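Structure first, then comments.
The values are calculated or read from the model by the stated rules, or taken from the named source; none is laboratory data. On a predicted model such as this, the values are computed, not experimentally measured, just so you know. All Cβ positions, glycine included, derive from the backbone under ideal geometry; neighbour counts span all protein chains shown. Side chains included, ligands, DNA and RNA excluded: accessible areas come from the protein's heavy atoms. Shrake-Rupley method; radii C 1.70, N 1.55, O 1.52, S 1.80 Å.
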Amino acid sequence: MTAFNAIRIDKDEAGQRATYVSMTDAELMDGDVEIAITHSTLNYKDGLAITGIGPVVRRFPMIPGVDFAGRVTASTHPCFRRGDSVVAGGCGLGEAHYGGLAQRARVSGDWLLPLPEGLSPQDAMTIGTAGVTAMFCVMALERFGLSPSRGPVVVTGAAGGVGSVAVALLARAGWRVAAVTGRPEEAAFLTSLGTAKIIDRNEFAAPGKHLQQRRFAAGVDTVGSTTLANVLSQIDYDGAVAACGNARGMDLPASVAPFILRGVSLIGVESVRPRLEMRREAWARLARELDHHALAEVREAIPFSEALARARNLVEGKARGRIVVEIG
Ligand code: NDP
């Protein structure tokens with residue numbers, strides 16, 4: 001039996017708490033591939049799971065961490081062999097199946113992808129579920145038929161993980177990007193990713209008119225609630241918003257006016273289900289379209305020993321870009 005270190009969330013009558021523990025391979029959950037994890041990352045969802053603020057964890061005990069990268073140490077899955085470098089994200093990791101904030105994992109090979117060509121494990125975790133979700137949003141707008149020639153795009157929660165990758169991807173694709181942020185001190189960071197205009201998030205905070213000035217052709221919203229309602233009210237005719245997040249709230253106090261009077265569409269985006277083909281496409285595009293400058297700009301690497309404290313900060317909206325956890 002191999003011993004390894006993990007963050008584990010336990011729950012009893014006193015409530016739930018996350019701590020560093022030592023575990024053994026025998027305690028891992030079922031799966032046909034075993035992995036030595038080298039890198040993980042902190043997503044907003046991991047912050048919710050670790051603090052217990054959001055009902056993310058569906059069974060206890062749980063190892064949090066919706067993403068990991070590492071090397072296969074044993075496999076009976078036909079697609080993977082010992083020594084392969086792999087990435088995993090979503091698929092219930094850190095929610096219903098032990099996740100990536102540990103030195104070891106055992107999962108279904110159907111949830112794994114080979115490490116995309118051109119990316120290091122650290123790059124892959126800089127991208128992580130947040131980056132895949134940002135790419136899914138871009139792909140959703142493209143499938144809808146929107147392109148930069150239609151006008152500017154707005155990104156909310158722009159200095160966060162999903163938002164910052166979305167800004168980089170959209171700017172690279174030629175969009176004029178308006179970044180909505182509550183942190184003016186991150187203006188230089190957002191500009192370096194390609195933002196053309198910074199907008200104070202207070203402009204979107206209060207309930208507004210059902211139809212407002214048409215400012216954007218498209219949007220990527222990571223925030224939800226009144227912010228998303230205001231974004232919808234400012235989208236031009238036949239535009240669309242890809243909505244993936246609820247950093248401000250789960251509610252949507254909106255009217256149907258943008259839909260029925262301007263033909264605006266709201267596109268839901270989720271990145272939990274495996275959908276390997278769509279993930280493969282997203283990872284390949286991320287490897288091609290996110291340049292190393294953008295990856296370095298959005299990344300902050302931290303040691304595993306700091307992951308618990310940083311996850312707690314994350315839900316307070318204090319994270320900038322993407323936090324990579326060095327595990328191995
Ligand atoms: P981060 O914490 O990195 O970023 C969230 C950002 O939202 C913050 O940086 C902040 O941006 C903004 N924000 C936070 N609180 C508020 C508020 N009260 N009002 C307005 N803006 C606020 O999180 P992630 O980027 O990892 O995730 C963003 C959202 O996307 C989360 O809700 C997450 O659950 C969701 N998500 C959904 C997925 C899916 O499958 N649908 C997958 C991944 C994430 P700023 O400082 O710039 O204002």
Which of (1) over 17 Å from the mean Cα position of the chain (by Cα); (2) open to solvent by less than 10 Å² (accessible area, probe 1.4 Å); (3) within 16 Å of the ligand (Cβ to nearest atom); (4) not aromatic (F, W, Y) does A96 not meet, given it meets every other one?
(2)
If a residue must be under 14 Å from W111 (Cα atoms) and within 20 Å of the chain's Cα centre (by Cα), how many such residues does the stretch 54-86 contain?
6
Of the numbered conditions (1) more than 17 Å from R312 (Cα to Cα); (2) at pLDDT 95 or above; (3) assigned to a loop (DSSP other than H, G, I, E, B), M1 fails exactly one; give the number of that condition.
(2)
Q212 is checked against (1) away from the ligand (no atom under 16 Å from the Cβ); (2) open to solvent by 50 Å² or more (accessible area, probe 1.4 Å) and fails just one. What number does that condition carry?
(2)
Scan the stretch 262-283 residue by residue and report those that are assigned to a helix (DSSP H, G or I), touching a strand residue (DSSP E or B) at 6+ places or on another chain (Cβ under 9 Å) and more than 16 Å from the ligand (Cβ to nearest atom).
R262, R280
Before we move on, is R58 under 30 Å from G160 (Cα atoms), surrounded by fewer than 16 Cβ atoms within 10 Å (Cβ to Cβ), touching an Asp or Glu at 6+ places or on another chain (Cβ under 8 Å) and without any contact (Cβ under 8 Å) to a residue 60 or more places away in the chain?
yes
With A140, A158, A134 as the choices, which residue is crowded, with 19+ Cβ neighbours inside 10 Å, more than 14 Å from L290 (Cβ to Cβ), near the ligand (Cβ under 10 Å from one of its atoms) and not β-branched (V, I, T)?
A158
Just one listed residue, out of D32, D46, is surrounded by 14 or more Cβ atoms within 10 Å (Cβ to Cβ), within 26 Å of R82 (Cα to Cα) and touching an Asp or Glu at 6+ places or on another chain (Cβ under 9 Å), and it is D32
Quick test of your reading of the structure: L112 fulfils all but one of (1) closer than 30 Å to K11 by Cβ; (2) modelled with pLDDT of 95 or more; (3) under 15 Å from the mean Cα position of the chain (by Cα). Name the failing condition by number.
(3)
Among (1) more than 12 Å from the ligand (Cβ to nearest atom); (2) at negative phi, G174 falls short only on (2)
In this structure, does T129 turn out to be of a type in the set (S, T, Y), within 12 Å of the ligand (Cβ to nearest atom) and open to solvent by 10 Å² or more (accessible area, probe 1.4 Å)?
yes
